[in-house]
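The values are calculated or read from the model by the stated rules, or taken from the named source; none is laboratory data. Keep in mind the model is a prediction, meaning the values are calculated, not measured. Cβ sites come from the backbone with ideal geometry, for glycine too, and all protein chains shown count toward neighbours. We work out accessible area using only protein heavy atoms, side chains counted, and drop any ligands, DNA or RNA first. Shrake-Rupley method; radii C 1.70, N 1.55, O 1.52, S 1.80 Å.
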Amino acid sequence: DQQVKQNSPSLSVQEGRISILNCDYTNSMFDYFLWYKKYPAEGPTFLISISSIKDKNEDGRFTVFLNKSAKHLSLHIVPSQPGDSAVYFCAAGYSQGGSEKLVFGKGTKLTVNP
Amino acid sequence: GAGVSQTPSNKVTEKGKYVELRCDPISGHTALYWYRQSLGQGPEFLIYFQGTGAADDSGLPNDRFFAVRPEGSVSTLKIQRTERGDSAMYLCASSPPDGEQYFGPGTRLTVT
């Protein structure tokens with residue numbers, strides 16, 4: 001049973017436009033959410049996070065929105081750049097019995113075309 | 001400063017053999033995590049260390065998998081009697097207290 005779902009395996013956008021990556025989750029116990037970016041042959045790199053007490057967090061070109069009632073979060077990248085082309089993983093976490101393990105989605109491959 | 005390092009970067013082994021995968025976390029990071037990523041999937045949690053002790057090993061798939069972190073720094077993931085289904089990318093991450101997880105480049109394990 002997948003607790004974190006990224007239903008779009010891929011997304012293609014033009015340079016300069018907005019990229020919107022979506023993520024849904026099922027477990028209401030999750031209390032923070034993260035986005036990781038992964039290039040081939042590298043480990044995932046932390047991008048941005050949001051706590052469940054917020055509905056928006058912004059860092060430069062990256063903004064994450066959280067809709068707790070819909071159990072949905074999204075990552076907006078604007079303007080998109082070719083260097084943003086990578087696989088983006090949504091992850092959710094909770095402190096349960098002292099563990100801070102993350103549950104990841106399957107990823108969305110973003111391609112930004114020049 | 002140095003990031004999380006993992007060795008070897010690639011490991012090919014025969015079915016039934018024993019393998020060890022090593023993780024060097026970022027200096028000062030108290031928490032260490034192991035994840036496994038199969039093709040087309042996101043990373044899946046295996047085990048979490050806080051200091052030297054395994055705080056959560058609920059993700060280990062079976063008793064062929066074991067991990068240690070004897071001095072609270074370097075960790076080794078050990079897989080006995082490897083099976084072809086164990087082939088995957090094994091990722092290690094570390095984090096400071098109340099901080100995000102930083103991942104290493106992973107070890108690609110192939111069991112033939």
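How many percent of the accessible area of the protein assembly as shown is carbon or sulfur, using a 1.4 Å probe? The partial results should precede the final answer.
On the way: 5190 of 10870 Å².
Of all accessible area on the protein assembly as shown, carbon and sulfur atoms account for 48 percent.
At most 12 other Cβ atoms within 10 Å and a DSSP loop assignment: could you name the trypsin sites (Lys or Arg not before Pro) in segment B:48-111 that fit? Before the final figure, lay out each step's value.
Numbers: sites: B:ARG64, B:LYS78, B:ARG81, B:ARG84, B:ARG108; in loops: B:ARG64, B:ARG81.
Filter output for segment B:48-111: B:ARG81.
Enter the buried accessible area of the A/B pair, total of both sides, probe 1.4 Å, in Å² rounded to the nearest 100.
Values: alone 6310 and 6030 Å², together 10870 Å².
Buried area between the two chains comes out at roughly 1500 Å².
Rounded to the nearest 0.05, what FRET efficiency do B:SER27 and A:ASP31 have when you use their Cβ-Cβ distance and R0 = 41 Å?
On the way: r = 28 Å, r/R0 = 0.69.
So, using R0 = 41 Å, E works out to roughly 0.90.
Could you work out the equivalent-ellipsoid semi-axes for chain B, taking the square root of 5 times each eigenvalue of the Cα gyration tensor, largest first, in whole Å?
Values: eigenvalues 100, 40, 32 Å².
Working through the eigenvalues yields semi-axes of 22, 14, 13 Å.
Would you work out the charge dipole size for segment A:40-97 about its Cα centre, treating the Cβ of every Lys and Arg as +1 and the Cβ of every Asp and Glu as -1, and quote it to the nearest 20 debye?
Details: 5 positive and 5 negative charges, 55 e Å.
The dipole of segment A:40-97 has a size of about 260 debye.
Which order do A:LYS109, A:LYS5 take by accessible area at a 1.4 Å probe, largest first?
Details: A:LYS109 120, A:LYS5 75 Å².
Largest accessible area first, the list is A:LYS109, A:LYS5.
Could you state the principal axis extents of the C-alpha atoms in the protein assembly as shown, from the largest down, to the nearest angstrom?
Sorted from largest, the Cα extents of the protein assembly as shown read 49, 39, 37 Å.
Using the structure shown, list the pairs from A:LYS109/B:LYS78; A:LYS101/B:LYS78; A:LYS5/B:LYS11; A:LYS5/B:LYS15 with a Cα-Cα distance above 24 Å, or answer none. It would help to have the intermediate numbers written out before the result.
On the way: A:LYS109/B:LYS78 31 Å; A:LYS101/B:LYS78 20 Å; A:LYS5/B:LYS11 30 Å; A:LYS5/B:LYS15 33 Å.
As for pairs spanning more than 24 Å Cα to Cα, those are A:LYS109/B:LYS78; A:LYS5/B:LYS11; A:LYS5/B:LYS15.
What spacing in nm lies between the two simple spin-label points modelled at A:ASN67 and B:SER58, each 7 Å away from Cα in the Cβ direction?
2.9 nm
Taking a ≥ b ≥ c as the square roots of the eigenvalues of the Cα gyration tensor of chain A, is the shape rounded (a/c under 1.5), prolate (a/b larger than b/c) or oblate?
Working: a/c = 1.90, a/b = 1.61, b/c = 1.18.
In terms of gyration-tensor shape, prolate.
If r is the Cβ-Cβ distance from A:ASP55 to A:ASP1 and R0 is 35 Å, what FRET efficiency results, to the nearest 0.05? Can you show the working numbers first?
On the way: r = 26 Å, r/R0 = 0.75.
Plugging the Cβ-Cβ distance into 1/(1 + (r/R0)^6) gives 0.85.
I need the P(r) histogram for segment B:39-95: all alpha carbon pairs, bin width 5 Å from 0 out to the longest distance, whole percents.
Pairs per bin, as whole percents: 4, 16, 29, 27, 15, 7, 2.
Compare A:ALA70, A:ALA91, A:ALA41 in a GNM of chain A, Cα atoms joined below 10 Å, and give the one with the largest fluctuation.
Highest fluctuation among the options: A:ALA41.
Given a 1.4 Å probe and the protein chains all in place, what does the accessible area of A:TYR32 round to, in Å² to the nearest 10?
Approximately 60 Å² for this residue.
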